[in-house]
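Have a look at the structure below before the remarks.
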Amino acid sequence: MRTYTNIAPLQSALRGCRQQGQRIAFVPTMGNLHEGHLQLVRRARQLADIVVVSIFINPLQFSPNEDLDAYPRTLTADKEKLFSEGVQYLFFPEVGEMYPEGMALQTQVQVPDLSETLCGSSRPGHFTGVTTVVNKLFNIVQPDVAVFGEKDFQQLSIIRKMVQDLYMPIQIEGIATARDTDGLAKSSRNGFLSPEQRRLAPLIHDTLVGCRDAIACGFDNFLQLESHARMQLLQAGFEPDYFAIRDARTLRAVNEHTEEVAILAAARLGSTRLIDNVRLALNPVSDWGMLASP
Ligand code: PAF
C-alpha cells in the first residue's frame, strides 16, 4: 500500500492507473477505522481495480464548540487494517495540504435545504464542511465510484445531490450500516461510551425498529410515534436531538408521493452524540394522504 501526504504525487500515480484503463474506487474517511469502514473498502474492491482510501480529519466540518482535538487518531492501526484489506493507495494529507490558504478563504460547496434539516439544524455549517472537503477529495482522486455508509444517511443523501447537481461523473455507492450483535451501529464514537452507556446505546436502534414495525403494521400517526420514541429515549437517559419520520428521498415530511420512509434519530449519551436510521419501503396502494410529520 502506498501512502501519500501530498496531492501532486498521488494525482500522478492515479493518472498512470487511469491510462492503463484501471477503474478507481474511493473511500473517504476520517480514520479510526472499524468494521463499518472495512465493509466499505471490501465493496470498493468489488467495484474497481484500484482502491484509494483517504484519512483526513476535516476541521471544516467541526464547529468551534465541537472537540476536533479529541477525535481519535489511530494511524498505525488504520494502516494495518487497510493493508490487510488490499487497499493500494492511502491519502493522508495535513490540514495545510488541503487548505493551503486557510479555511476562511476556502471556496465552499453548499447543498441547500437537505443540509439544513436534522443534523444540519443542530450542527450548523457541518454539511457544508463535508460537501466542500468531499468535493476537493473527488477532484483530487477523480474516482469512478465512491463508497459511503448508510449510517450517515443524511450525509449520503447530500453527497448524492451534490454529485447530481454538479454533474460529477462519479457513481455513489451506499452500504448498509454495520452493527454490533446487539444492534448498535458501528461508529468511531462508540469508543467514547462508558460501559454503562454502551449497555444503553442499542436502545436507539431498538426504538427505530419499534417505530418502523409500527408503521409497517399500519400505525399512521407519525407525530405520536415520534414523540413516543423521544420519550422512550429520554426516560432511558438519552438526550434526544431529533427522532424524525421523513421521506427517504427528500428528508422532508412524508407525503402521498413518498415511496420510502427514513426514520432517523440523533441522541446524546453523556457527551457522545450517536446517530442511526432505518428505512421502510411503502406500499404504493396505501393512502398516506392523512399522515403528518414535521
Ligand atoms: O463520514 C465521514 O467520515 C466524513 O464526513 C467524510 C465523508 C470523510 C468527510 O470528511
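The values are calculated or read from the model by the stated rules, or taken from the named source; none is laboratory data. Keep in mind it's a predicted model, so treat the numbers as computed, not measured. Positions of Cβ are generated from backbone atoms using ideal geometry, with glycine treated the same way; all protein chains shown enter the neighbour counts.
On the basis of being at pLDDT below 95, among the hydrophobic types (A, V, I, L, M, F, W, C) and within 14 Å of the ligand (Cβ to nearest atom), does Leu90 make the cut?
Considered against the rule, which asks whether it is at pLDDT below 95, among the hydrophobic types (A, V, I, L, M, F, W, C) and within 14 Å of the ligand (Cβ to nearest atom), Leu90 comes out as no.
Identify, please: which residue in segment 96-123 is over 21 Å from the mean Cα position of the chain (by Cα) and within 16 Å of the ligand (Cβ to nearest atom) and is, among those, nearest to Ala48 (Cα to Cα)?
If we take residues in segment 96-123 being over 21 Å from the mean Cα position of the chain (by Cα) and within 16 Å of the ligand (Cβ to nearest atom), then Glu97 is nearest to Ala48 (Cα to Cα).
Between residues in segment 264-283 that are free of Cβ contacts under 8 Å to residues at least 24 places away in the same chain and residues that are not polar (S, T, N, Q), which pairs lie under 7 Å by C-beta distance while being six or more apart or on different chains?
Within 7 Å, the pairs are Ala281/Glu259; Ala281/Glu260.
State whether the residues of segment 119-141 include one that is part of a loop (DSSP other than H, G, I, E, B) and without any contact (Cβ under 8 Å) to a residue 24 or more places away in the chain.
No, segment 119-141 has no match at all.
If you scan segment 164-187, which residues turn out to be free of Cβ contacts under 8 Å to residues at least 12 places away in the same chain and either assigned to a helix (DSSP H, G or I) or surrounded by 19 or more Cβ atoms within 10 Å (Cβ to Cβ) (or both)?
Gln164
Residues of segment 124-147 being within 13 Å of the ligand (Cβ to nearest atom), under 25 Å from Glu260 (Cβ atoms) and out of contact with any Pro (no Cβ under 8 Å at 6 or more places or on another chain), which ones?
His126, Phe127, Val130, Thr131, Val147
State which residue pairs qualify: first residue charged (D, E, K, R) and inside segment 61-87, second residue assigned to a loop (DSSP other than H, G, I, E, B) and within 15 Å of the ligand (Cβ to nearest atom) in any location, beta carbons under 6 Å apart, and separation of 6 or more residues or different chains.
Hits for this filter: Asp78/Gly31; Asp78/Leu33; Lys81/Leu33.
Give the number of residues within segment 93-124 that are closer than 28 Å to Ala13 by Cβ and either at pLDDT below 95 or surrounded by 14 or more Cβ atoms within 10 Å (Cβ to Cβ) (or both).
8
Residues of segment 1-31 being among the small types (Gly, Ala, Ser) and loosely packed, with under 12 Cβ neighbours inside 10 Å, which ones?
Matches in segment 1-31: Ala8, Ser12, Gly16, Gly21.
Thr258: hydroxyl-bearing (Ser, Thr, Tyr) and crowded, with 19+ Cβ neighbours inside 10 Å, yes or no?
yes
Of everything in segment 15-58, what is in contact (Cβ under 8 Å) with a residue 40 or more places away in the chain, under 30 Å from Ala70 (Cα atoms), among the hydrophobic types (A, V, I, L, M, F, W, C) and away from the ligand (no atom under 11 Å from the Cβ)? Give them in sequence order.
Ala25, Leu38, Val41, Ala44, Val52
From the list Ala229, Ala214, Ala253, which one is hydrophobic (A, V, I, L, M, F, W, C), within 20 Å of Arg279 (Cβ to Cβ), surrounded by 15 or more Cβ atoms within 10 Å (Cβ to Cβ) and free of Cβ contacts under 8 Å to residues at least 12 places away in the same chain?
Unique residue meeting the criteria: Ala214.
For segment 71-83, indicate whether the set of residues that are touching a Lys or Arg at 6+ places or on another chain (Cβ under 7 Å) and either β-branched (Val, Ile, Thr) or exposed (fewer than 15 other Cβ atoms within 10 Å of the Cβ) (or both) is non-empty.
No, there is no match, as no residue in segment 71-83 is touching a Lys or Arg at 6+ places or on another chain (Cβ under 7 Å) and either β-branched (Val, Ile, Thr) or exposed (fewer than 15 other Cβ atoms within 10 Å of the Cβ) (or both).
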